[in-house]
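See below for the structure under consideration.
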Amino acid sequence: MSERGTTKFQINLRRHLRERGVDPDLIHLICEIAKSSNYVINAIRTGDLGVAGTSNLYGEKQLALDVLADRIVTKRLKHSGVVGNVFSEEADDIICMSENCDGLYSVAFDPLDGSSIVDVNLAVGTIVSIFKGCNLLQPGRKQVAAMYILYGPRTTLMYSTGEGVHEFGMNQLMEYTLINENIQIKPKATLYSPGGLRNLFTPAIEEYVRQLELDGCKLRYSGGFVPDINQVLIKGTGIFLYPHLQGQPNGKLRLSFELNPMAFLVEQAGGAASDGHGPILDRIPETKDERAPIFIGCREDVAMAEEIIGRYSE
Ligand code: AFP
């Protein structure tokens with residue numbers, strides 16, 4: 001817990017990690033990723049929304065924001081000195097940053113999730129999954145940490161190293177200070193976020209969504225995974241689904257970059273995350289860019305999804 005006499009708003013990210021006895025190299029890695037957000041923010045706020053392949057007035061190749069964010073975070077990971085392998089949602093393959101991974105960490109990340117909504121000024125985020133050692137194709141249960149940075153009206157950071165989920169806000173010095181500690185999610189949702197085209201819903205998903213509405217859930221969906229999951233954690237209630245669809249059996253979201261880190265955070269907050277048949281964190285990845293259906297949030301609503309899907313044998 002924070003030292004007596006210190007208001008939580010004075011507890012910065014590094015001190016919070018230290019007080020929890022987190023490995024010093026992991027503290028360094030998490031703080032380096034946090035630091036990269038200072039540059040990503042600048043790119044979002046000032047960067048031209050041009051797409052990759054165009055050029056700016058100096059004739060320099062224009063970088064799409066997600067490519068720019070990827071470069072910023074990847075560079076920071078490389079210079080951290082504690083990273084073995086890196087896998088970015090923007091890259092074609094895993095990047096080896098050290099021949100010998102002993103004692104190092106490996107990182108899978110989505111540098112700017114929601115890049116298709118940044119042009120309409122909606123909230124986007126960076127999502128990070130951290131494993132010990134070289135292997136990035138382990139079940140998500142093996143993560144040693146997960147975090148995201150949400151670039152909204154305020155910039156906030158959420159992390160867990162397996163001992164609760166904690167929220168930080170960026171202050172005027174661009175430092176992260178503690179806002180919420182040991183966040184917990186209630187068992188039952190009052191909000192729901194349904195991804196995917198409605199006309200492609202299967203009979204089980206149709207029944208599931210109908211039941212959520214009968215239970216009084218209000219629809220809230222931003223098109224950004226990070227703000228939509230952040231809503232579940234901060235409101236302490238909600239269920240997000242991007243399900244299997246007709247013709248799209250694996251839904252849309254990616255296991256390594258989006259589902260594993262968010263599932264780690266939500267389970268640490270007392271919620272659940274399932275692919276419709278079992279915990280996302282227990283899935284053994286078969287390919288590095290594997291997608292999976294997702295039901296994530298209040299545990300009773302995740303259990304209800306699995307029950308209905310099982311009843312329809314979908
Ligand atoms: P982009 O990164 O291409 O904008 O996709 C965002 C996302 O992966 C995730 O953040 C959203 O929850 C989901 O896609 C939204 O998908 P739809 O646009 O199909 O609703």
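The values are calculated or read from the model by the stated rules, or taken from the named source; none is laboratory data. Just so it is clear, the model here is predicted, and its values are computed rather than measured. Using ideal geometry, Cβ is built from the backbone for each residue, glycine included, and neighbour counts are taken over all protein chains shown. The area values use the complete protein model at the heavy-atom level, side chains included, leaving out ligands, DNA and RNA. Shrake-Rupley method; radii C 1.70, N 1.55, O 1.52, S 1.80 Å.
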Theoretical FRET efficiency, 1/(1+(r/R0)^6), r = Cβ-Cβ of E206 and C31, R0 45 Å, to 0.05: 0.50
Looking at the chain only, what percent of DSSP beta bridges run antiparallel? Nearest 5 please. 80 percent
My understanding is that a pair violates if its Cα-Cα distance is over 31 Å; which of K78/K186; K75/K235; K75/K142; K186/K288; K78/K252; K75/K186 do that in this structure? K78/K186; K75/K235; K186/K288; K75/K186
In nm, what is the difference between 0.36 nm times the number of residues separating D102 and K78 and their Cα-Cα distance? 7.1 nm
Scan around R20 for amide H atoms under 5 Å from its own, H built in the peptide plane at 1.01 Å from N, and keep only partners 5 or more places away or cross-chain. none
Rounded, prolate or oblate, given the Cα gyration tensor of segment 191-312, with a/c below 1.5 counting as rounded? rounded
For the pair R14 and Y221, what calculated FRET efficiency results from E = 1/(1 + (r/R0)^6), where r is the Cβ-Cβ distance and R0 = 25 Å, to the nearest 0.05? 0.10
Under 5 Å from the placed amide H of Y105, counting only residues 5+ away or on other chains, we find V83, G84, G133
For segment 191-312, give me the percentage of DSSP beta bridges that are antiparallel, rounded to the nearest 5 percent. 65 percent
Roughly speaking, what is the stretch gain from Q172 to Q248, that is 0.36 nm per residue apart minus the C-alpha to C-alpha distance, in nm to one decimal? 22.9 nm
Heavy-atom SASA rank of I284, I179 (probe 1.4 Å, accessible area, largest first): I284, I179
Of the residues I280, T202, I229, the Cα lying farthest along the dipole of segment 191-312 towards its positive end, which is defined by charges on the beta carbon of Lys, Arg, Asp and Glu, belongs to I229
So with the 1.4 Å probe, I'd like the accessible area per residue for the chain, rounded to whole Å². 44 Å²
Once phi for every residue in segment 115-122 is put through the Karplus expression 6.51 cos²θ - 1.76 cosθ + 1.60 (θ = phi - 60°), the whole-Hz ³J(HN,Hα) values, with Gly and Pro written as x, are 5, 7, 10, 5, 6, 9, 6, 8
Counting only protein heavy atoms and using a 1.4 Å probe, what share of the accessible area of segment 191-312 belongs to carbon plus sulfur, as a whole percent? 49 percent
Pick from V266, V67, V83: which residue has the top mean-square fluctuation in a GNM of the chain where Cα pairs under 10 Å get a spring? V67
